[in-house]
Amino acid sequence: MLEGSISLVDEADRASRDHPLSEAKAIFFVRDFEGDRERRDILFHDGAELLQNLWVRVTFPDGEALEGFVQNDAAYLHAQGFFLTPTDPTSNNVLVYIIKSQIKEFQVLGLRP
């Protein structure tokens, strides 16, 4: 289980609140806070920037699945989480910090040379 908390500022009243990481599955860095529950991300995009990364799919216990790129580096195996860059450049998610204890399934789909 992940220990600690993250402090987030509420956009409405500008108050800082601590949120236990043990209750989170990921931290989403988004373009805006509106979102669109009906939108379906493009899971692989031919126009994506070529990086030396692994293309992966992460599934959470609630069934949500994300595809994106993670560093091809063993260092993230030892950390409590890792950053994932979504494959869809039009997604509202710019970057996602995945908390490893909240992963139901992790699949490597390929390597982006």
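The values are calculated or read from the model by the stated rules, or taken from the named source; none is laboratory data. What you see is a predicted model; the values in this text were computed from it and never measured. Using ideal geometry, Cβ is built from the backbone for each residue, glycine included, and neighbour counts are taken over all protein chains shown.
Residue count for the range 90-106 satisfying the condition of being surrounded by 12 or more Cβ atoms within 10 Å (Cβ to Cβ), of a type outside the set (Phe, Trp, Tyr) and not in a helix (DSSP H, G or I): 10. Taking the range 58-88 as the range and being loosely packed, with under 13 Cβ neighbours inside 10 Å and within 18 Å of PHE29 (Cβ to Cβ) as the test, the residues that pass are GLU64, ALA79.
The rows are residues; the columns are (1) more than 19 Å from GLN102 (Cβ to Cβ); (2) at pLDDT below 80; (3) out of contact with any helix residue (DSSP H, G or I) (no Cβ under 6 Å at 6 or more places or on another chain).
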{"site": "HIS45", "(1), (2), (3)": "yes, yes, yes"}
{"site": "THR59", "(1), (2), (3)": "no, no, yes"}
{"site": "ALA75", "(1), (2), (3)": "yes, yes, yes"}
{"site": "HIS78", "(1), (2), (3)": "no, no, yes"}
{"site": "GLY81", "(1), (2), (3)": "no, no, no"}
{"site": "THR85", "(1), (2), (3)": "no, no, yes"}
{"site": "PRO89", "(1), (2), (3)": "yes, no, yes"}
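Within the range 1-43, being among the basic types (Lys, Arg) and at pLDDT below 80 holds for LYS25, ARG31, ARG37, ARG39, ARG40.
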